[in-house]
Amino acid sequence: MIGKYLGCITKMIDFCEEQGFEHYNFRDFSNLITSSDPERIISLEEIKEIVAGVCGVFVENIDNKRRFKPGRLARQFVHYYGLLLTKLSQSDIGARTGGRTHATVINSRKRISQLSQTGFPEEDYQMFIELEILFTPYVEQKYKRT
């Protein structure tokens, strides 16, 4: 039931209202997702849905060969969080995001890491913060297990 709400922020708000949350935020929603199954590992497809919803693009844009900025940045976020939160190899992540190579995934990781330290352009910073909030429970869960 929860999986259908992952990709779209407006559906998240509707879901929270249906469940009776008076004051909801991204952390509440993320906690709800991870608490539904404590052994659950997030998949790359779920990461794509979340990133697409936050970045305002379709999942198809992430897998597309075109290099337009919104799709490219979303794809870089998927590569970054895919490496951080899944057990997939760089080659597997690249293949599942439009047939890219491991070198593209490495470049994406470096770019997002570098931008998180030096600063994102203003229009991209809000997306990065929202994604950090949404993925924080998964990061905590992963490193608590190991």
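Readers should treat all values here as calculations from the given coordinates under stated rules, not as data from a laboratory. Note that the structure is predicted; figures quoted are calculated from it, not measured. As a convention, Cβ positions derive from the backbone with ideal geometry for all residues, glycine included, and neighbour counts pool all protein chains shown.
Rank by packing, highest mean first: peptides 113-123, 47-57, 88-98, with packing defined as the count of other Cβ atoms within 10 Å averaged across residues.
Values: 113-123: 10.5, 47-57: 22.5, 88-98: 17.8.
Descending packing order for the listed peptides: 47-57, 88-98, 113-123.
Ranking Val59, Val139 by Cβ neighbours within 10 Å, fewest first, what do you get?
Working: Val59 17, Val139 13.
Going from least to most buried by this count: Val139, Val59.
Loop only by DSSP, 16 or fewer other Cβ within 10 Å of the Cβ. Give me the chymotrypsin sites (Phe, Trp or Tyr not before Pro) in segment 65-146 that pass, ordered by residue number. Could you put the intermediate results ahead of the total?
Details: sites: Phe68, Phe77, Tyr80, Tyr81, Tyr125, Phe128, Phe135, Tyr138, Tyr143; in loops: Phe68.
Loop-located and lightly packed - Phe68.
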- Footprinting proxy, Arg100, Arg111: sorted fewest to most Cβ within 10 Å, the residues are Arg111, Arg100
